[in-house]
1. If I filter region 48-64 down to residues being touching a residue at least 24 places away in the same chain (Cβ under 8 Å) and of a type in the set (Lys, Arg), which single residue comes out as farthest from Glu98 (Cα to Cα)?
2. State the number of residues belonging to region 158-177 that are part of a helix (DSSP H, G or I), surrounded by fewer than 17 Cβ atoms within 10 Å (Cβ to Cβ) and polar (S, T, N, Q).
3. Is it the case, given these coordinates, that Val53 is out of contact with any strand residue (DSSP E or B) (no Cβ under 6 Å at 6 or more places or on another chain), surrounded by 23 or more Cβ atoms within 10 Å (Cβ to Cβ), on the phi < 0 side of the Ramachandran plot and not hydroxyl-bearing (Ser, Thr, Tyr)?
4. Within region 282-293, is even one residue touching an Asp or Glu at 6+ places or on another chain (Cβ under 9 Å), free of Cβ contacts under 8 Å to residues at least 40 places away in the same chain and closer than 19 Å to Asp198 by Cα?
5. Looking at region 64-73, can you tell me whether even one residue there is buried (at least 18 other Cβ atoms within 10 Å of the Cβ), within 30 Å of Phe174 (Cβ to Cβ), of a type in the set (Val, Ile, Thr) and modelled with pLDDT of 95 or more?
6. Residue by residue through region 256-272, note down the ones that are surrounded by 14 or more Cβ atoms within 10 Å (Cβ to Cβ) and not hydrophobic (A, V, I, L, M, F, W, C).
7. Would you check which residues across region 97-109 are of a type in the set (Ser, Thr, Tyr) and in contact with a strand residue (DSSP E or B) (Cβ under 7 Å, 6 or more places away or on another chain) and list them?
8. Listed residues Val112, Val139; which is of a type in the set (Val, Ile, Thr) and in contact with a strand residue (DSSP E or B) (Cβ under 9 Å, 6 or more places away or on another chain)?
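The values are calculated or read from the model by the stated rules, or taken from the named source; none is laboratory data. Quick caveat: nothing in here was measured; it's all calculated off a predicted structure. Cβ atoms come from the backbone with ideal geometry, glycine included; neighbour counts cover every protein chain shown.
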Amino acid sequence: MPLKRAKEVLEIEAAAVKALVKSLDKDFLKAVDVMAACQGRVVFAGMGKTGVVARKISATLSSTGTPSIYMHSAEAVHGDLGQVTRDDVVVLISSSGETEETVRLLPLLKKVGCRTIAMTGGLKSSLAKHCDLVINVGVQKEGCPLGLAPMASTTATLAMGDALAASLIDRKNFKREDFAFFHPGGSLGRRLILTVEDIMRKGNNFARVRDTDLVKDVLLSITQARCGSACVVNAKKHFVGIFTDGDLRRHIEEDQGILSKQVRCVMTKDPLTISKDRLAAEAFDILMQKKVDELPVVDARGALVGLLDVQDLLKAGLAR
């Protein structure tokens with residue numbers, strides 16, 4: 001029985017969302033236009049379960065380039081209406097369109113002078129009659145077996161909110177980089193904002209040696225810098241190669257006297273490098289693809305400016 005009921009609810013809610021496709025009309029398009037042109041904020045108001053949905057839709061819009069806030073319908077008449085200005089757009093959500101606390105906001109909002117949009121299933125309701133635009137979120141049947149708790153209606157409203165958000169993303173040409181700006185603490189934000197220069201080792205934090213230095217001295221420099229390689233420069237301070245622990249292992253099997261050789265004899269010449277202005281996420285992908293642990297970092301002129309170590313990228317949370 002529980003499994004049967006669960007399947008029934010999911011089918012009802014899926015059908016409710018699918019039916020919304022046919023309900024999209026010119027008012028939906030106008031609503032997108034109005035929200036995109038809004039000079040203030042898009043304010044979502046609701047009560048109870050629809051209030052929870054209103055809060056989520058508002059959060060989605062804010063994170064995708066449309067400034068938005070949530071306003072509790074009951075709290076609005078106790079001071080929160082002061083958040084609304086004539087430059088705002090207020091979206092009033094009510095399944096029936098007759099929720100008392102939400103409907104009584106209408107004359108007050110008219111005095112403020114802002115645009116109003118109803119999201120409701122009651123197309124002949126008070127809310128629908130007195131708002132500037134109406135977005136239909138009506139459903140044929142709720143999922144609740146008692147016919148009391150809103151289920152399909154809140155799901156439909158939430159889905160319509162996502163449809164609005166997605167349309168605004170297109171309208172405003174909102175990009176992944178813009179999304180990252182609003183989510184700097186998340187892994188996506190880090191991947192789209194952090195550059196190689198932000199993470200690379202600089203100054204004394206990486207080993208920079210002369211090509212004439214002996215390998216034994218180079219190893220000491222690597223140890224002191226606490227990294228796994230040394231970047232090699234020539235007498236003119238031009239970057240000419242890298243010496244890694246892998247180079248040491250490969251050559252020591254063939255030549256026991258490697259420690260007394262100049263590093264230019266055993267280093268990797270013309271290694272893979274990366275510019276400091278590239279995204280750190282790109283660098284991480286290169287390290288993974290090429291199966292190396294370090295990348296020398298160069299500026300626009302090709303001069304050595306740092307070293308990027310895979311461990312530093314992992315610490316920065318760049319792994320997918």
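1. Among residues in region 48-64 that are touching a residue at least 24 places away in the same chain (Cβ under 8 Å) and of a type in the set (Lys, Arg), the one farthest from Glu98 (Cα to Cα) is Lys56.
2. 0
3. When the stated conditions are applied, Val53 passes them.
4. Of region 282-293, the ones touching an Asp or Glu at 6+ places or on another chain (Cβ under 9 Å) are 287, 293.
Restricting the remaining residues to those that are free of Cβ contacts under 8 Å to residues at least 40 places away in the same chain gives 287.
After this cut, where a residue has to be closer than 19 Å to Asp198 by Cα as well, the list is 287.
For region 282-293, residues touching an Asp or Glu at 6+ places or on another chain (Cβ under 9 Å), free of Cβ contacts under 8 Å to residues at least 40 places away in the same chain and closer than 19 Å to Asp198 by Cα: present.
5. Within region 64-73 (the criterion being buried (at least 18 other Cβ atoms within 10 Å of the Cβ), within 30 Å of Phe174 (Cβ to Cβ), of a type in the set (Val, Ile, Thr) and modelled with pLDDT of 95 or more), the answer is yes, since at least one residue qualifies.
6. Kept after step one, since they are surrounded by 14 or more Cβ atoms within 10 Å (Cβ to Cβ), are these residues of region 256-272: 258-259, 261-264, 266-268, 271.
Answer for region 256-272, where residues must be surrounded by 14 or more Cβ atoms within 10 Å (Cβ to Cβ) and not hydrophobic (A, V, I, L, M, F, W, C): Lys261, Gln262, Arg264, Thr268, Pro271.
7. Let us first name the residues in region 97-109 that are of a type in the set (Ser, Thr, Tyr), namely 99, 102.
Selection gives Thr102 alone.
8. After applying the criteria, what remains is Val112.
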